[in-house]
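Engineer: Have a look at the structure that comes next, please.
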Amino acid sequence: MKSEPLSTNDEMTTFERRQRIVNLLNQQMSVKVTTLVELFDVSETTIRNDLAALETEHQLKRVRGGAVSIAQAPHATFPTSRTMKNAANKQKIAQWAAGNVEDGQTILLDASTTVLCMTPFLQEHRNLTIVTNGIDLARSLAEHLSNTVVLIGGVVNKSGSAIISQLDEQQLAQIQFDVAFVSGVGFSLETGLSERHIEEARLKAKLLARAKRTIALVDSSKLGVSSLAPVSSASAIGHLVTDQDADPQLIDQFKSAGLGMTICGDDTVTNYAEQAGRHRLIGFANLSEQDSHIALDVRRGLEKAAQAQNNVDIIVADNRLDPVRALAVADEFIEQAVDLMIEYQIDYRTNSLIMKKFQSANIPVIAVDIPIVGATFFGVDNYQAGHMAGVALGEWIDMHWEGSLDAVIVLIEPRAGSLPEARIQGQIDGLQEHIGDIPSDGMHFLDCGNTSSVSESQVTQKLHELADCHRIAVLSFNDDAAYGALQAAQSLSRTEQVAIVGQGADRILRSEIRRPHSPVIGSTAFFPEAYGEKLMSLAIEILEGRAVPPAVYMEHVFINQANINVYYPD
């Protein structure tokens with residue numbers, strides 16, 4: 001049943017709306033932006049601003065597409081004494097774990113509260129097969145129709161939250177997991193992962209035997225704890241994920257034993273490789289994990305590449321699109337004595353200060369997508385990527401609008417500097433090659449703010465000003481900007497009057513590109529999911545003292561309806 005709006009924007013104050021959002025999160029573990037838009041009858045931009053303000057007040061945690069509760073138990077059916085313990089740490093652990101899930105995988109999720117916290121972070125994944133013995137977890141994930149959820153049959157435990165009996169051997173033989181995510185009541189080098197009850201431990205052990213990789217999600221309160229019901233030895237655990245409150249002596253013991261680990265902190269995530277001995281330490285300052293799918297893809301790929309090296313540890317921090325934050329992150333990494341720095345930082349005016357810090361500490365730097373003088377550049381060939389999109393847009397306009405335009409909206413990002421400006425210039429040049437010169441008063445440059453919400457607001461206002469224009473081309477700095485333009489056109493019922501191209505071929509636009517008659521005709525692919533492996537190879541070459549070129553570029557392809565399934569199968 002479709003929810004009725006609670007109120008219109010005029011009838012409810014901002015404070016009242018935000019209080020109701022908090023109350024809603026006190027009743028359930030997560031909420032989507034689209035749900036709140038429908039519920040309160042306001043724009044997506046308004047809701048995103050609400051969530052940003054509430055996160056600043058530490059009343060919720062924003063995730064892609066919505067928000068999750070910080071203080072409230074992950075699911076109302078669990079006893080409060082169990083779910084409230086270390087809730088914030090469990091959320092951080094679960095968020096990192098969910099980032100290791102890939103579309104199309106078959107995964108095992110146990111009935112623990114830490115694993116249950118993964119559910120809101122799995123909302124955007126597609127075509128998963130999820131096997132679980134957690135009743136509440138199965139109920140929660142079954143709401144997402146793209147995924148298949150299999151609940152293991154058997155005896156229900158006394159709390160009513162989990163199945164604890166043995167699996168039928170024939171049924172078990174037919175299951176193979178790409179990755180298993182499990183927790184327990186304790187983890188130590190001596191006894192490994194352990195459970196409270198023997199039946200539950202036996203069930204988990206049988207399931208883990210069918211997994212290609214096991215990731216144990218264990219908050220710091222359980223480290224060094226042993227129970228009489230062992231699940232798996234420490235050596236059989238592929239990776240341990242814990243939080244920043246872990247005892248440093250225990251962490252040193254795990255590292256010495258060659259156990260792969262991830263430690264999730266408030267501001268950083270540290271990944272230790274699965275091998276004893278001397279490791280190289282690489283720092284990665286990411287662009288913004290809240291506002292950029294591309295940044296998430298880069299980070300996940302880089303972490304996987306580090307794990308494959310076996311002798312590379314990596315510390316990850318989020319620059320949050322904030323130059324002051326980026327400078328503080330640089331200081332943190334210097335204090336950690338990283339061997340090499342990978343910097344993804346958008347404000348070019350701050351980059352010289354960041355570079356000076358690292359040069360003073362004799363730390364080499366790789367700059368991702370945004371150039372830094374003195375650093376090795378890696379990423380987008382900006383002019384080429386833009387030119388591809390401009391040509392494709394010009395061809396579309398020739399075919400559908402007889403080569404004529406009323407206006408061009410250009411979504412820029414001034415903070416990014418001269419090289420990404422080439423991305424915009426390439427689009428303009430490619431477009432004009434097909435439709436001829438565009439008068440200067442026909443082009444409208446808007447600051448996209450590097451987010452879809454800012455872009456939507458800016459384009460909405462401009463479309464009101466261009467009320468008499470019926471053929472409007474939109475050139476975009478990135479896919480978040482393009483998506484904001486799409487939302488603006490949809491909210492004003494003007495999708496037939498715009499033609500939009502993006503930059504990045506990010507997942508935020510790919511579903512729209514697939515949709516027939518979409519105003520988004522395509523986007524130039526940067527393939528950020530492949531950045532990690534290439535960045536790691538470049539980093540190793542630099543650390544080994546080998547000569548590298550000053551700039552290393554990705555190859556690009558313009559993605560549209562005709563070829564999207566070749567590069568990104570649905």
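Engineer: Given (1) surrounded by 22 or more Cβ atoms within 10 Å (Cβ to Cβ); (2) under 15 Å from Leu109 (Cα atoms), identify the lone condition not met by Ala209.
Structural biologist: (1)
Engineer: Report yes if Ile334 is closer than 23 Å to Asn100 by Cβ and hydrophobic (A, V, I, L, M, F, W, C), otherwise no.
Structural biologist: Against the criterion (closer than 23 Å to Asn100 by Cβ and hydrophobic (A, V, I, L, M, F, W, C)), Ile334 does not qualify.
Engineer: Check Ser476, Ser493 and return the single one that is over 19 Å from Val33 (Cα atoms), of a type outside the set (Phe, Trp, Tyr) and within 24 Å of the chain's Cα centre (by Cα).
Structural biologist: Ser476
Engineer: If you check every pair at least six apart or on different chains, which have Cβ atoms under 6 Å apart with a residue in the range 462-481 that is among the acidic types (Asp, Glu) first and a residue that is outside any loop (DSSP other than H, G, I, E, B) second?
Structural biologist: Here the result reads Asp479/Gly502; Asp479/Gly504; Asp479/Ile508; Asp479/Leu509; Asp479/Ser523; Asp480/Ser452, each pair linking the range 462-481 to a residue that is outside any loop (DSSP other than H, G, I, E, B).
Engineer: Scan the range 189-207 and report the pairs whose first residue is closer than 12 Å to Asn133 by Cβ and whose second residue is β-branched (Val, Ile, Thr) and open to solvent by less than 10 Å² (accessible area, probe 1.4 Å), with Cβ atoms within less than 7 Å and a gap of 6+ or a chain change.
Structural biologist: The qualifying pairs are Lys204/Val182.
Engineer: Among the numbered conditions (1) under 21 Å from Met388 (Cβ atoms); (2) crowded, with 17+ Cβ neighbours inside 10 Å; (3) at pLDDT 95 or above, tell me where Asp480 comes up short.
Structural biologist: The failed condition is (3).
Engineer: Any idea which of (1) touching a residue at least 12 places away in the same chain (Cβ under 8 Å); (2) under 24 Å from Gly504 (Cβ atoms); (3) of a type outside the set (Val, Ile, Thr); (4) not in a loop (DSSP other than H, G, I, E, B) is the one Ser352 doesn't satisfy?
Structural biologist: Checking Ser352 against (1) touching a residue at least 12 places away in the same chain (Cβ under 8 Å); (2) under 24 Å from Gly504 (Cβ atoms); (3) of a type outside the set (Val, Ile, Thr); (4) not in a loop (DSSP other than H, G, I, E, B), the one that fails is (2).
Engineer: When only residues in the range 332-364 that are farther than 23 Å from Val269 by Cα and either basic (Lys, Arg) or in contact with a Phe, Trp or Tyr (Cβ under 7 Å, 6 or more places away or on another chain) (or both) count, which is surrounded by the most Cβ atoms within 10 Å (Cβ to Cβ)?
Structural biologist: Among those residues, the one meeting the criterion is Lys356.
Engineer: Considering only residues that are surrounded by 21 or more Cβ atoms within 10 Å (Cβ to Cβ) and closer than 25 Å to Val179 by Cα, look in the range 268-283 and name the one that is modelled with the lowest pLDDT.
Structural biologist: Ala273
Engineer: Right, next: Looking only at the range 284-308, which residues are of a type in the set (A, V, I, L, M) and open to solvent by less than 40 Å² (accessible area, probe 1.4 Å)?
Structural biologist: Hits for the range 284-308 are Ala285, Leu287, Ile294, Ala295, Leu296, Val298, Leu302, Ala305, Ala306.
Engineer: Continuing with this model, one more query. Please determine whether any residue of the range 402-410 is in contact with a Leu (Cβ under 9 Å, 6 or more places away or on another chain), in contact (Cβ under 8 Å) with a residue 60 or more places away in the chain, under 27 Å from Phe527 (Cβ atoms) and of a type in the set (Asp, Glu).
Structural biologist: Within the range 402-410 (the criterion being in contact with a Leu (Cβ under 9 Å, 6 or more places away or on another chain), in contact (Cβ under 8 Å) with a residue 60 or more places away in the chain, under 27 Å from Phe527 (Cβ atoms) and of a type in the set (Asp, Glu)), the answer is no, since none of the residues qualifies.
Engineer: Taking helices (runs of 4 or more DSSP H) that fall entirely within the range 54-147, which contain at least 1 residues that are modelled with pLDDT under 85 and within 22 Å of Gln174 (Cβ to Cβ)?
Structural biologist: The helices (runs of 4 or more DSSP H) meeting that bar are 135-141.
Engineer: Looking for whichever is farther than 16 Å from Leu327 by Cβ, open to solvent by less than 50 Å² (accessible area, probe 1.4 Å) and at pLDDT 95 or above here; the options are Ala375, Ala367, Ala385. Which one fits?
Structural biologist: Of the residues listed, the single one that is farther than 16 Å from Leu327 by Cβ, open to solvent by less than 50 Å² (accessible area, probe 1.4 Å) and at pLDDT 95 or above is Ala385.
Engineer: A further question on this structure: Please find, within the range 436-459, the residue that is farthest from Asp480 (Cα to Cα) out of those that are of a type in the set (Val, Ile, Thr) and crowded, with 20+ Cβ neighbours inside 10 Å.
Structural biologist: Looking at residues that are of a type in the set (Val, Ile, Thr) and crowded, with 20+ Cβ neighbours inside 10 Å, I get Val459.
Conditions tested, residue by residue: (1) surrounded by fewer than 21 Cβ atoms within 10 Å (Cβ to Cβ); (2) out of contact with any helix residue (DSSP H, G or I) (no Cβ under 7 Å at 6 or more places or on another chain).
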position: Leu24; (1), (2): yes, yes
position: Leu39; (1), (2): yes, yes
position: Ser43; (1), (2): yes, no
position: Ala52; (1), (2): yes, yes
position: Glu57; (1), (2): yes, yes
position: Leu60; (1), (2): no, no
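The values are calculated or read from the model by the stated rules, or taken from the named source; none is laboratory data. Bear in mind that the values here come from a model prediction, so they are computed numbers and not experimental data. Reconstructed Cβ throughout: ideal geometry from the backbone, glycine too, with neighbour counts over all protein chains shown. Side chains included, ligands, DNA and RNA excluded: accessible areas come from the protein's heavy atoms. Shrake-Rupley method; radii C 1.70, N 1.55, O 1.52, S 1.80 Å.
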